[in-house]
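Remarks on the structure that follows.
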Amino acid sequence: MTSADRRPGSDSDGDFLPPDDQAPAGATLPLGPAPAPHPQPSALLPPDTGSRYEPHAEIARGAMGVVYRGRDALFGRTVAIKLLLDEHLARPELRWRFAEEVRITAALQHPSVVPVYDTGMCTAGRPYYVMRLVEGETLEVLLAARPEPGHDRSRFLKVFEKVCEGVAFAHSRGVIHRDVKPANVMVGAHGLVQLMDWGVAKVLPFSPIGPAAPEPADSVAAPDPADLQTRFGRVLGTPAYMSPEQARGHLDRMDERTDVFALGGLLCATLTGSPPYAGVNARAAYKQAAKADLEEGFARLDASATDPELIALCKRCLAPDPADRPRDAGVLTAALAECLSHDLRRAERDLVRFFELTPDLFCIAGLDGYFRRVNANFGRVLGHPPAALLAVPFLDFVHPDDQDRTRAVLADLARGELCVRFRNRYRDVRGDYRWFEWQAKPLVGEGMVFAVARDVTDTMRLEGRLRYFEEEE
């Protein structure tokens, strides 16, 4: 999947939504009539560009623009090409907003924001811009694919942290996104996370990016809550993640804390599997947002098996009054880092407690044949100090008759196979051998093995005596 690799009519760019109650709660509010049939890609770009950009297949379509996968002939690379829809060419407010999207996105040079390569105009006066093609999947799809909300939580919290960092950078540059949601987050290979679709973003007065041309009056008209079939730009955002001030159309109150609310919604979806307003459709979610009805969302957070500090931070972000939220995404990012480090410190303490208090012999070993760490039980059972066990290959302590079998098990572990109930003998400090029964799991990519053993010497002796008496009879 690519940047905004979504079906035509899905929620990108403040997308079209059918004017009935069947629209999903996570969809953007209805913003106008459905787009007209689009022209063939070959007619999109003018010949006077030197045919540098060659659009191939449409990959996304929203209320304002259409995105094609294409090719940059000059550099021989695959790109994404976004164009304003033909039916909007005569609407100055949408031409203005498209130009602002290009200007804002290009100005935000950050790893979490897709880079803009070029911009231009087709022969018919149709604006376009060229950006990096992001290969990956949307966070919305990845969250929905989880078997349960707690699955792989640490990974998704890392994704959320990167989104916060991108929004924090935008806030430091005086830009608010106004439509942060999982569908606008692309997660690619090698840890790439990018926040897409800056089509409804706003440049604040103090921004070093500088003011744009005046915004046409039509794009700042007050919303009519009784009629959700509004014109583009009158109600901005997605109901399921929309702040109360956003839903009420209080444009003068929308600042960085509006994005903080949406980030809290994204965190809520990460922790619980659903956004803060989980209405059955967009209209129901919009009404919840306008009333700041967060009771059900907060109940889900309280019921989630997650750290209380993280739940408290999420609720702070979702505070109905903007004054009660973190001031901007930079403050949120710092608070999140503190929460995650607290979780890490607690996990480390729990691991140390388990490592040292378990009655078993617990170790971490390398596939190179050396112990990396052993718990105190090794010293108690074998009498060797930990330094002696870590200094030489562990096969040096294994009974000669058991070494070939131990090497074979180590080879199996290197191939990713589990070790279950394997027995061998280890030499103690007196030169005697004790029987250990092992369970081990490899982390092949890390070159490590987690293993736990039990001293079964007495069991082996008992089994030996039983065999002796059976043979005597």
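The values are calculated or read from the model by the stated rules, or taken from the named source; none is laboratory data. All figures in this text were calculated on a predicted structure; none of them were measured in a lab. FYI the Cβ positions are ideal-geometry reconstructions off the backbone, even for glycines, and counts take in every protein chain you see.
Points worth noting:
- Exclusive hit being out of contact with any helix residue (DSSP H, G or I) (no Cβ under 8 Å at 6 or more places or on another chain), at pLDDT 95 or above and surrounded by fewer than 16 Cβ atoms within 10 Å (Cβ to Cβ), set D350, D321: D321
- The listed residues are V398, V420, and the only one of them that is under 43 Å from the mean Cα position of the chain (by Cα) and within 22 Å of L367 (Cβ to Cβ) turns out to be V420.
- Residue match in the range 124-133 (condition: of a type outside the set (G, A, S) and in contact with a Pro (Cβ under 7 Å, 6 or more places away or on another chain)): yes
- Filtered by the rule that a residue be touching a Gly at 6+ places or on another chain (Cβ under 9 Å), in a strand (DSSP E or B) and of a type in the set (D, E, K, R), the range 93-139 gives a lone residue, E137.
- Just so you know, in the range 394-411 the residues that are loosely packed, with under 15 Cβ neighbours inside 10 Å and among the acidic types (D, E) include one that is nearest to G431 (Cα to Cα), and it is D396.
- Boolean, V159 is in a helix (DSSP H, G or I) and assigned by TED's automatic domain parsing to the domain that holds V203: yes
- Among the numbered conditions (1) buried (at least 19 other Cβ atoms within 10 Å of the Cβ); (2) modelled with pLDDT of 95 or more; (3) out of contact with any Leu (no Cβ under 6 Å at 6 or more places or on another chain), the only one that C314 does not meet is (3).
- Counted residues, the range 181-213 - those being polar (S, T, N, Q) and farther than 21 Å from F98 by Cα: 0
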